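Read the structure below first, then the notes.
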Amino acid sequence: MQSCGAAVCSPSTISYEYCAAGGGLLFLLPTAANQHDLHEFLRSAGMALLYPSAANVLTSPEVLRIAEQLRAAQNQYFDGHAPARLRQAFNALCIPDAPFNLRLVTAADSDLLLAWTNEPTVRQASFNPQPVPAEFHERWLNARLTDPYALLLLAEEESTGAPIGLIRFSVAHDEATLSYLLDPTYRGRGWAAPLLALGTAHLAQSYPQVRRIVGHVQRRNQASLRAFERAGYTLLPTPLSGEPDSVTFVWLL
């Protein structure tokens, strides 16, 4: 399969094997009714073409470009990280349903966010422990609210509507960096992992081009380390932040 530049396959696991082996020109020829869903998925994701088009494609002067286009789409799904994604999925099944909802942050939330940001425990867990001046916070928030590559989500308790925490993402190309915090009243309830899981799902839906989410944590912040692990994030062997005594967790999309 690795040396095969073009293949005619039924839309079954054999098609998956071809994509995982390196892929290329994949033409689908259904042979059973139960292959319908996989057939539609491979085609809609841009990973395969219909078999009747094979003769025209293979004799086209654009054949190499078409092959590279298909291979690029195949590599997005078959990138060698399936074991990590399976671990993420199974870990996520162990997280209880979040007892809160997420909504977009607005300018009206500014005072609340500043109070959370300057809460002593939050400052201790931050890579910059100095209090944040109000004027700096206002400029920062206004910039984030107009930034198409920033996603700020406020968590509100489902039963009361009370604000319980924040999760935010900064997107750069195919990677997003996250940060989160909980109101002091809601710490110790095991809600950080559901917040990470729900926020991750929102990010994936809002920015489908993102392939990886990273979170940086101080090594001494045991509560946050446990939250990332419970949420299914993977601890990297080498931190990416460049901060001393930090660790990096990653989620693959």
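Among the residues in segment 145-162, are any in contact with a Phe, Trp or Tyr (Cβ under 9 Å, 6 or more places away or on another chain) and of a type in the set (Val, Ile, Thr)?
no
In segment 68-84, which residue that is loosely packed, with under 14 Cβ neighbours inside 10 Å and among the charged types (D, E, K, R) is modelled with the highest pLDDT?
This residue is Glu68.
Kindly list the number of the only condition in (1) modelled with pLDDT of 95 or more; (2) within 19 Å of Leu252 (Cβ to Cβ) that fails for Arg211.
The failed condition is (1).
Examine segment 172-195 for a residue that is assigned to a strand (DSSP E or B), under 16 Å from Ala227 (Cα atoms), of a type in the set (D, E, K, R) and at pLDDT 95 or above, and state whether such a residue exists.
The answer is no, given that none of the residues of segment 172-195 is assigned to a strand (DSSP E or B), under 16 Å from Ala227 (Cα atoms), of a type in the set (D, E, K, R) and at pLDDT 95 or above.
Report the residue count in segment 171-225 for those that are at positive phi and without any contact (Cβ under 8 Å) to a residue 40 or more places away in the chain. Steps first, please.
The first filter runs over segment 171-225 and keeps only residues at positive phi, leaving 173, 188, 190.
Those left that are additionally without any contact (Cβ under 8 Å) to a residue 40 or more places away in the chain: 173, 188.
Number of matching residues: 2.
Go through segment 7-64 and report how many residues are touching a Gly at 6+ places or on another chain (Cβ under 6 Å) and either farther than 18 Å from Asp79 by Cα or exposed (fewer than 15 other Cβ atoms within 10 Å of the Cβ) (or both).
Counting residues in segment 7-64 that are touching a Gly at 6+ places or on another chain (Cβ under 6 Å) and either farther than 18 Å from Asp79 by Cα or exposed (fewer than 15 other Cβ atoms within 10 Å of the Cβ) (or both) gives 0.
Return the residues of segment 109-127 that are more than 12 Å from Pro163 (Cα to Cα), touching a residue at least 40 places away in the same chain (Cβ under 8 Å) and either in a helix (DSSP H, G or I) or aliphatic (A, V, I, L, M) (or both); say none if nothing qualifies.
Those that are more than 12 Å from Pro163 (Cα to Cα), touching a residue at least 40 places away in the same chain (Cβ under 8 Å) and either in a helix (DSSP H, G or I) or aliphatic (A, V, I, L, M) (or both): Thr117, Thr121, Val122, Ala125.
The values are calculated or read from the model by the stated rules, or taken from the named source; none is laboratory data. Fair warning: this is a prediction, and the values are worked out from it, not measured in the lab. We place every Cβ from the backbone using ideal geometry, glycine too, and count neighbours over all the protein chains shown.
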